[in-house]
Each structure stands twice: as structure tokens, then as C-alpha cells.
Ligand code: PLP
Ligand code: COI
């Protein structure tokens, strides 16, 4: 019996499974499949109607049926999460999944959407993963990416919070997020556009933040760069985060990352890196980092490593930075020692191959 602690009380999850003849083909080589292009056979969904979540069900993956006036399509009332499941040694493992559902609720509050019961959501996800266990790849470097999503579905053209919502979870087997794999990525520092400002919605994982970044992303791609590094919106001076990652810079023996100022996402990988590096005895600080300090540090050799981190990308070494029409190479374009160590440690813990002293890993049993 699965239940919510909210007003709904107990809620069963209805099961409507595809017959085995209709199951999809799995990708032949997951490590070569572009990120997020293949979806599993089933999904979870439930609806919020009349002030309550109801109709929880696991059913075949299918198109949504939405009224063309659904509020999410016009005014962007939509939020999501990103998490991963690993299948190693016969076990299916999740990494800090409760944090994602807590953050989904924080995003919901900011976007005036209803919360979900985090225990119920986790139990629904585990149930879905048991149905889809064949979809959790076991190849080194692969995982099953999980995308919980909530959208406002009420049909209404007046601007208001929706009274109706759909929450669903879809699954996609993935290899590396970047085409480069775990190789240094080139990032483009945007001086023209900004992503978010304190008081806005930058700290929420809401759809419009990603749409707001697309134009700068296209400009980055034009000069051969795969991600945009955003500056603060007021002074255009301090590092904020990368398109899909938080950012860390190593200055000699100090590891620094921008503080949670209200305009960046509070990354779960960021938090894990802070914990790991503090425990390694590193001098790790959350502080403002100006772009001038970074450029000077690259020139003087003080900046020895730079990396982004996030669920999809894991740990991505930054090999070069494009700033004001000039490219600056970091770590000679190679992966730094600390970056490599953190990648190995984090992926080792996530996949159950290394000891997890933090209790981060949750087994789907
Ligand atoms: N910042 C942004 C904008 C993101 O999309 C992500 C990815 O989720 C992150 C940071 C990293 O967050 P997390 O480590 O929780 O995946
Ligand atoms: C994640 O890392 O899970 C993200 O949400 C990034 C993404 C937008 C692909």
C-alpha cells in the first residue's frame, strides 16, 4: 500500500502494464546514444484536481493530452527534477533521491504549485523502477536518467496559478551528457545575456530558466563551445553557474564555488562535492568569484582546475573558457587531478562501487 501524508490520505498506485510483445527495443550501445533520446516502456503519473492529488498510476509511456489553453503552455508554470538510477552487481541504486523531491517542492512553492508528498513520490519512483528494472543499464558510464515533472494543466488564458496539475515521472537510459564524454568541455562566458536575478526564479528548477539560456547557448555553439557560464545579472562580474551545472574553481590550494545567492540552483552534486572535499581536508569555500580573478588566475597559473557538476553531467572538467572573443586554456586543456579524483569518487559512490560513508545511496529493493 502506497500512501501520501497530505490531504489525499492513502493512495493506491494503479498498474496498467504493457504486454511483453509490445515492449520497446533497448538501445544497442547506450554510451553512443545521444542523452535523453530514448524512453522506457512505462511512466508514473497523477493529477491534482479539486485541491487533491489523485489517480496515481503506472502505465505505458504515452503522449500527453493537453488543452491548447493549458496554463503551462502559455505562462510557463512547469517544474522538473533530474536524478539517476544505477544498476550494478544486481542492485538498483538511487543517489540522494529525497533531496530531489524536497527541491521539487521548493520549486513548486516558488511557482505557486502544489507540493507532493516526498515519501509517496519516492515510493512511486521505486515502484516504477521495479517495473522498468531492465531499463537500468549496467555498463560502466551509463545510468537511467529520471525526470519527475509537474505542469499546470488548467485551460485558462487569464494569468493566474493553475488549479489543476499533472505530475509525472519518465525514464531515459543514458551515457555521458556531453558528446566529449568525460573530457574537458569548452565553456563560453556570456557577457550579453543573463540567466536569472536574485528575487527571480533562478533558484527554482523551472522550465523558463532553460528557455532563457537558449540564445546564449546558440552563440556559444557558434564558436564551438558546449555550455554557457553565466555572470550575475547586476554587475556582470561574478560567476553564477553553467547552463546545466554548478561551477567550481581551484585557485592553488583553495577550492571555491559561488554561494547560493538566490539566483542559482542549489545543486545536489554541488552539495556532495562540498562534503567530499571538506572531508578530504581541502580548503573549500562558498564565496563570490569575479571573472577578473579567474582570468588573472589563469594567466598567472593560480587557477589550476575548473569543473562543472550536476546530475546529468556528473563532474565535467573545464578545458577552456571563452571570454570577450578570447579563449583561455585551463590545466593545459587536460583534466586536473582533483577533478579526476572527484569524478571517480562520486561515480564510485553513486554506482555502489565505492564505500558510501554518507548514506547517500538508496537501494531500490
Ligand atoms: N544548475 C542548473 C541550472 C542545472 O540544471 C543543474 C542540473 O540539475 C545543476 C545546476 C546541478 O544540480 P544537481 O547537481 O542537483 O543536478
Ligand atoms: C540535470 O543535471 O539533471 C539537469 O537537469 C540538467 C538538464 C537540464 C539536462
Scanning the stretch 80-120 residue by residue, those farther than 26 Å from residue 200 by Cα, more than 16 Å from ligand 2 (Cβ to nearest atom) and in contact (Cβ under 8 Å) with a residue 40 or more places away in the chain turn out to be 87, 88, 89, 91, 92, 93, 119, 120
**Asked** When you look at residue 54, is it in contact (Cβ under 8 Å) with a residue 60 or more places away in the chain and away from ligand 1 (no atom under 16 Å from the Cβ), yes or no?
**Response** no
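Assess whether residue 284 counts as being outside the structural domain of residue 140 (by TED's automatic domain parsing), at pLDDT 95 or above and touching a helix residue (DSSP H, G or I) at 6+ places or on another chain (Cβ under 7 Å). So that I can check it myself, show each step before the final result.
Numbers: outside the structural domain of residue 140 (by TED's automatic domain parsing): yes; at pLDDT 95 or above: yes; touching a helix residue (DSSP H, G or I) at 6+ places or on another chain (Cβ under 7 Å): yes.
In short, yes.
Return yes when residue 314 is at positive phi and under 20 Å from the mean Cα position of the chain (by Cα) and no when it is not. Explain how you work it out, then say what you get.
Working: at positive phi: yes; under 20 Å from the mean Cα position of the chain (by Cα): yes.
So residue 314 fits the description; yes.
Out of 204, 196, 233, 211, I need the residue that is within 29 Å of residue 300 (Cβ to Cβ) and either outside the structural domain of residue 83 (by TED's automatic domain parsing) or in contact with a strand residue (DSSP E or B) (Cβ under 6 Å, 6 or more places away or on another chain) (or both). Which one? Before the answer, list the steps.
Values: 204 fails: within 29 Å of residue 300 (Cβ to Cβ); 196 fails: within 29 Å of residue 300 (Cβ to Cβ); 211 fails: within 29 Å of residue 300 (Cβ to Cβ).
Every option except 233 fails the conditions.
Any idea how many residues of the stretch 176-211 are more than 14 Å from ligand 1 (Cβ to nearest atom) and outside any loop (DSSP other than H, G, I, E, B)?
Initially, the stretch 176-211 is screened for residues more than 14 Å from ligand 1 (Cβ to nearest atom), giving 176, 179-186, 188-189, 191-193, 197-199.
Among the residues that remain, those that are also outside any loop (DSSP other than H, G, I, E, B) are: 185-186, 188-189.
Number of matching residues: 4.
May I ask you to list the residues in the stretch 42-54 that are within 26 Å of residue 160 (Cβ to Cβ) and crowded, with 17+ Cβ neighbours inside 10 Å? Please lay out each step first, then the result.
If we filter the stretch 42-54 for residues that are within 26 Å of residue 160 (Cβ to Cβ), which is where we start, we get 45-54.
Those that are within 26 Å of residue 160 (Cβ to Cβ) and crowded, with 17+ Cβ neighbours inside 10 Å: 45, 46, 47, 48, 53.
One line per residue, one yes/no per condition, for (1) in contact (Cβ under 8 Å) with a residue 12 or more places away in the chain; (2) assigned to a helix (DSSP H, G or I); (3) touching a strand residue (DSSP E or B) at 6+ places or on another chain (Cβ under 7 Å); (4) surrounded by 14 or more Cβ atoms within 10 Å (Cβ to Cβ):
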site	(1), (2), (3), (4)
309	yes, no, yes, yes
328	yes, no, yes, yes
348	no, yes, no, no
358	yes, no, no, no
Flagged in the stretch 219-243 as touching a helix residue (DSSP H, G or I) at 6+ places or on another chain (Cβ under 8 Å) and under 22 Å from residue 276 (Cβ atoms), in numbering order, are 239
Scanning the stretch 283-303 for residues that are in contact (Cβ under 8 Å) with a residue 40 or more places away in the chain and under 26 Å from the mean Cα position of the chain (by Cα), the one nearest to residue 259 (Cα to Cα) turns out to be 288
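So, in the stretch 252-269, how many residues would count as being more than 12 Å from residue 96 (Cβ to Cβ) and either within 16 Å of ligand 2 (Cβ to nearest atom) or in contact with a helix residue (DSSP H, G or I) (Cβ under 8 Å, 6 or more places away or on another chain) (or both)? Give the derivation first.
Within the stretch 252-269, the subset more than 12 Å from residue 96 (Cβ to Cβ) is 252-266.
Checking which are either within 16 Å of ligand 2 (Cβ to nearest atom) or in contact with a helix residue (DSSP H, G or I) (Cβ under 8 Å, 6 or more places away or on another chain) (or both) leaves us with 255, 257, 264-266.
Number of matching residues: 5.
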Per the filter on the stretch 150-159, residues surrounded by fewer than 19 Cβ atoms within 10 Å (Cβ to Cβ) and assigned to a strand (DSSP E or B) are 155
Quick one: is residue 216 assigned to a helix (DSSP H, G or I) and surrounded by 21 or more Cβ atoms within 10 Å (Cβ to Cβ)?
yes
Flagged in the stretch 266-304 as within 14 Å of ligand 1 (Cβ to nearest atom), under 23 Å from residue 319 (Cβ atoms) and part of a loop (DSSP other than H, G, I, E, B), in numbering order, are 267
Q. Does the stretch 165-183 contain at least one residue that is more than 16 Å from ligand 2 (Cβ to nearest atom), over 18 Å from the mean Cα position of the chain (by Cα) and under 28 Å from residue 46 (Cβ atoms)?
A. yes
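The values are calculated or read from the model by the stated rules, or taken from the named source; none is laboratory data. Fair warning: this is a prediction, and the values are worked out from it, not measured in the lab. Every residue, glycine among them, receives a Cβ derived from its backbone with ideal geometry; neighbour counts consider all protein chains shown.
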